[in-house]
Amino acid sequence: MLRSPNVALNLLAKSLTASTQWPIAGTAVLSVHCHRCLSGKPATSDDSNDHVDRVSPTGHPVSNLRLIHFGRPANETPPERELRLKRSALQKWNHEYWLKNNADFQRQKSDYIERELKALRGQEFKSSLSYDELSLFYKSFLDSNHKKHMNYNLEWYRRHTSLLWPAFRVLLIRLRRKFWTRN
Amino acid sequence: MAVYAHINTCLTSDKNYSEIVCKSQPKASLHAIHYETNDCVRLMATNAKREDNHHLLSTQQIHQLNASNNLLLFSPKWDQMYDVFYNSQQISPQPDHPVDDKPNHRTDDEMKVNADHKDTHLLDTSHEWKPIDKLNAQTLVKYYTQLAKLRLTGLVVLTTLSGYYMGLQTPIDPLILTATLVGTGLTSGSATAINQYLEIPFDSQMKRTQNRPLVLGRISGLHAMGFAGVSGLTGLALLSYVNPLTAVLGASNLILYSFIYTPMKRAHIANTWVGAVVGAIPPIMGFTAATNCIDMSAVLMGLVLYSWQFPHFNALSWNMRHEYARAGFRMMSVTEPKLCINTALRHSCLILLYSTIMCTTLTTWTFGIDSLPINLYLIYLSYKFRANPDAKSSRKLFFYSLIHLPAIILLMCISKRRPQSSANNVNTVNDSKQSVAGNS
């Protein structure tokens, strides 16, 4: 779970330093130790908070996604649990992709800007003025990442739409619970 | 001023390293080190080690942060991740928390993150992850209008209305008209809802779209798709009541927008052309609702709208190309800026051409005259945009395009050519001639 955020944040923080870049494989061990990584709540919160879905108040600073903590109600049925796990897994996968993508983008952009600055030999660089040079960078970024983006798109569509049917089942369960079990 | 702090704890070789990334205006960052006290691990903020660090926390502020009992700095389980938010209220001490050895001497001033900015205090806001609000009628209406992109749908309905009026050769049938307009509106709303459902992570990347209800998590994906399904089916049913051709056009527009244009936005820059077709179909739908066939006049109206999309959208996308690039959108403004600005100008000129051709069949020549200044100004703004593409010229072009389209449509409708009235005139002239001849 913490692999990509870790690597991404490290990339952000250490982009210009010579510190060690952690290999992706080596950080796999993190996921073992981290649980509720996206929950955003410290362990001291009481369990009553865990029953409802909660949304983070702002987008994540790197991935820009609004993360959701999926609450586990006490009377959770297996279909509900399945939906919750699926949504959670999809969110985690999505979050990691965007963390990596955005961190890569920022890092490559700052590298590119630094290279251009060196080429111009110390001239003042304002990113808003030199749209021509930046557009070259944008084009190269999009072209080099095209396959990755397309794969992500297809995967995202597939996984997101595959949530619809389980969500419909859960809706029926909840309606039944609300209107029928009162009798 | 809100400072969003995010702690990412991680394993390192020394098991002590932890990184706090503070997001604020402007950026600040700290690095922190764990150390274990009793049963909890306490984070100590230190200066950032980045070369490019812009952190605005002074050494004194870092000392104060370390002396505080802010929940941010306590991590009972050091291998968990925290998201804690700062805002401008004062921190309230947590009585349950294991208190540090140092006395708690926080004051309002000491907790200021940025002395230069307005009062900002560190606050334990672990409760800030809010539960999703229950929907009531008011919020439901609000979210539905956002899902349906009400303003855009309104513009689509307007173009359909104009198409219907321009194609009308018989007296207005209010039932058909209402069915057409409501059907088109519902279909368009359905298409935009599906689009928003598919685009959730992309919409969250851009400022313009990050407050949509699905992005914010206010309604679920199933709810949005249910809305799309109901409104789409109802809309298409209404359109098929009008006539099958209109329904087919509506359905293909829905599919084109939701399932072809939406994925193409990240595949190829040709998505703009596909999107232009999507914009051109509604007036043709209005036409077919009135005439049940697609003829030259309908195509002309569609062409005007097709060409209008280019100055409109290219100007809009110009300012957002940075965000588009990061989010992976392939738009002309990002990858082929020269093509972007040339297309805008080219199609502005084409609008003038279509308006002129329209004067021969669809409208009278008065349309050609009074639409001339409006079209010329569009060409002028597109030319300025091409000569000097920047935020200002693109914004001017975009906002003018929002005025240009309704104005052109209005003038078109005013100058609609009425063949029946000219035939009546000929008859009355003949009658009067005969009566004159008869009398003499």
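Couple of notes before you dig in:
- The mean number of Cβ atoms from other chains found within 10 Å of a Cβ in peptide B:320-327 is 5, as a whole number.
- Classification of region A:75-183 by its C-alpha gyration tensor yields a prolate form. The axis ratio a/c (a ≥ b ≥ c) is 1.5 or more, and a/b outweighs b/c.
- With 0.36 nm allotted per residue and the present C-alpha distance subtracted, the B:LEU175-B:ASN292 stretch has 40.6 nm of extension available.
- Efficiency of FRET between A:GLU76 and B:LEU410 - r from beta-carbon atoms, R0 56 angstrom, step 0.05: 0.45
- Once the Cα-Cα distance is subtracted from the 0.36 nm per residue extended length, the B:PHE399 to B:LYS338 segment shows a gain of 19.9 nm.
- Ranked by the mean number of other Cβ atoms within 10 Å of their residues, highest first, the peptides B:380-386, A:73-79 come out as B:380-386, A:73-79.
- Peptide A:133-139 has a mean of 5 when you count, residue by residue, the C-beta atoms of other protein chains within 10 Å of its C-beta.
- Calculated FRET value between A:ASP104 and B:HIS63, using beta carbons and R₀ = 51 Å, to 0.05: 0.90
- Proximal charge balance of B:THR209 [Cβ under 9 Å; K/R count +1, D/E count -1]: +1
- Cα gyration tensor shape for region B:138-418, rounded if a/c is under 1.5, else prolate or oblate: oblate
- 19 Å cut-off, amide nitrogen to a point 7 angstrom out along B:THR366 Cα→Cβ, residues in region B:166-194: B:166-169
- Packing-based ranking, highest mean first, of B:223-235, B:272-284 given that Cβ atoms within 10 Å are counted: B:272-284, B:223-235
- Per-residue packing, averaged as other Cβ atoms within 10 Å, sorts the ranges B:365-378, B:301-314, B:334-347 into the order B:301-314, B:334-347, B:365-378, beginning with the highest.
- Neighbouring Cβ atoms from other chains, within 10 Å of the Cβ of residues in A:95-107, number 2 on average.
- For A:MET150, the shell of other residues with beta-carbons less than 14 Å away shows a net charge of +4, using +1 for Lys and Arg and -1 for Asp and Glu.
- Over region B:135-229, relative contact order from alpha-carbon pairs under 8 Å, at least 6 apart, %: 33
- Residue order for A:HIS95, B:HIS322, fewest other beta carbons within 10 angstrom first, comes to B:HIS322, A:HIS95.
- Extension gain (nm, one decimal) between B:ARG208 and B:SER252, 0.36 nm per residue minus Cα-Cα: 13.1 nm
- Local charge for B:PHE310 was computed over the other residues whose Cβ lies under 15 Å away, with Lys and Arg +1 and Asp and Glu -1, and equals +2.
- Note on B:VAL182/A:LEU117: beta-carbon distance plugged into 1/(1 + (r/R0)^6) with R0 of 60 Å gives a FRET efficiency of 0.55.
Any read-out appearing in this document is the output of simple, stated calculations on the displayed coordinates, not a laboratory observation. In this text, all values refer to a predicted model and were calculated from it rather than measured experimentally. Because the Cβ atoms are built from the backbone with ideal geometry, glycine has one as well, and the counts that use them run over all protein chains shown.
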